[in-house]
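What follows draws every value from the coordinates through simple rules; no lab data is involved. Keep in mind it's a predicted model, so treat the numbers as computed, not measured. Don't worry about glycine lacking a Cβ; one is built from the backbone with ideal geometry, like all the others, and counts go over all protein chains shown.
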Amino acid sequence: MLSVKDIVDEERINQLLAQTLNSSEEKINSILSKAEKKEGLTLEEVAYLLNIENPAMIEKMFETAGKIKKEIYGERLVFFAPLYLSSYCVNDCEYCGFHTRNTAPRKKLTLEEVAEQVKILENMGHKRLLLEFGEHPKKNPIDYVTDVIKTIYATKSKNGEIRRVNINIAATTVDDYKKINEAGIGTYQLFQETYHRDTYEKMHSGPKEDYERQLFAHDRAMEAGIDDVGVGVLYGLYDYKFDTLALVSHSQYLDRKYNVGPHTISVPRFQPAETVKIDSKYEINEKQLLKVIAILRMAVPYTGMIISTRESPETRAKAFEIGISQTSAASRTTPGGYGKDGKLKQFSLQDHRTVEEVLESILDQGLIPSYCTACYRLNRTGETIMEILKAGEIHNLCRPNAILTFKEYLEDYASQRIKEKGQKIIEKYLNKIPKEETKKETILRLKRIENGERDLYF
Ligand code: SAM
Ligand code: SF4
């Protein structure tokens, strides 16, 4: 039997937050030392860290989180692009521009339009997409979703192809999850928005108002055979400390139950949207968001973390250092928004740079963009990938794969300027592949890419 309390015990969360308000420097130092062992943190320890307001201690947290990020994920930053398919939605979520009270005309892409958008994204160098749909059983039935997935995999443009499709659709049934799993998705993402039941119920109207339908959706997805699930909170709806603790509790629950925690955690923050007005009482600022990212990195060190273009270039740059492992660039939040200006946006964004501009700033930070999709295609998902991560093998797999996929980007899409900067980064990290044999093989494969071969991975 599924029980809400196993995932989120409100009373306990409130108690933990209240009893960890005052901490000594020693206490915090001991939690940070434990975090460095990369074994995760208890809910009580997370509560202590959430309650820290002292800037010097927060800086210390950033250092520890940054160290963990570097050891586990190295210098890689995986890129994806969101693709909006349909703004039709039957829900009236308070915070979202697609809610029913917005009477602006809606748009749903035809399969031809899907192919057009995909070609544009492929020509920007993307290999990985995150699909976004409003919830509408009539306009966006599950067969439309699977047709879209098939169309995307079948759409190629010169050397461009989409190799991994992740998906963010409303909570649904085991049967529907089975259908999208069969169509070949990577991660299924669904955000609880807020774990605080009263607030959740007030914020939603329509099928999404069912708190338990949302909360147990990842269990149903796992039951349907989807190995990789993503969780998240929409920051700004309720107290960020409560929601972060609940998010960690949910991750630990999945780990206990399925031997593998969520594949990713997303940290979206509320952004203004047409016809939307929410109470600013729970607004969280950039510093607080960064604190949350650092804490999550320490609490669940092996879970990928995603930041979107909702955040400013400065916040994103810091977030990459202290915990984020995946990001998007030059995103559009409207169906049909790539290549032309779409009308109804789900919400507005703070990072308006082009892909090249984002890549350049990442290279200047000493990071390497990765377009790798190898694990999913080699069935290294769920528990298998976590074992590889924990054994520290990642630098013999992910580092060469990042180098090879970024090399493809440089060959096919980059300007001369990015090519030069990118080549330097490739050389730097090539020398840091631990196994000599793998390094030699990577050098050979780099040559093969220069000679026109594509999609080489370990
Ligand atoms: N309709 C599905 C759902 O609600 O689960 C699919 C995903 S929806 C297109 C993607 C996510 O966007 C939501 O889960 C929510 O967290 C986020 N979102 C909605 N309105 C937002 C806003 N104003 N600012 C930032 N993120 C928002
Ligand atoms: Fe619809 Fe999702 Fe927006 Fe809610 S968040 S109104 S379910 S698109």
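So what is Rg over Rh here for region 56-203, counting just Cα atoms and using Kirkwood for Rh?
Working: Rg = 18.4 Å, Rh = 17.6 Å.
For region 56-203, the value is 1.04.
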Discussion item. Positive end of the dipole of region 415-458, charges at C-beta (+1 Lys, Arg; -1 Asp, Glu), about the Cα centre: which of Pro434, Leu446, Ile418 has its Cα farthest in that direction?
Written reply: Ile418
Worksheet item: Which residue, chosen from Gly184, Gly336, Ala299, occupies the Cα position most advanced towards the positive end of the dipole of region 71-352, where the dipole is computed from +1 (Lys, Arg) and -1 (Asp, Glu) charges on Cβ about the Cα centre?
Response: Gly336
Response to the item:
hull vol. (C-alpha, convex hull) per residue for region 71-352, Å³ -> 121 Å³
Practice prompt. For a quick protection proxy, order the peptides 240-250, 160-170, 108-118 by their average other-Cβ count within 10 Å, most packed first.
Written response: 240-250, 160-170, 108-118
Discussion item. Tell me the mean residue ellipticity at 222 nm calculated for the chain from its helices only (DSSP H runs of n ≥ 4, each -39500 (n - 2.57), averaged over every residue, nearest 500).
Written reply: -14500 deg cm²/dmol
Item to complete: Compute the length gained on full extension between Lys287 and Ser205: take 0.36 nm times their separation in residues and subtract their Cα-Cα distance, giving the result in nm to one decimal.
Response: 26.4 nm
Worksheet item: Which order results if Lys139, Lys428 are arranged by neighbouring Cβ count within 10 Å, fewest first?
Response: Lys428, Lys139
Practice prompt. Hey, can you grab everything whose amide H is under 5 Å from the amide H of Phe80? Only 5+ residues off in sequence or another chain; H modelled, so Pro and N-termini drop out.
Written response: Thr327, Ser328, Ala329
Worksheet item: Assigning unit charges at the beta carbon (Lys, Arg +1; Asp, Glu -1) and nothing else, what dipole magnitude in debye, to the nearest 20, does region 203-299 show about its Cα centre?
Response: 320 debye
Worksheet item: Once you charge only the Cβ atoms, +1 for Lys and Arg and -1 for Asp and Glu, what is the size of the charge dipole of the chain about its Cα centre, to the nearest 20 debye?
Response: 1180 debye
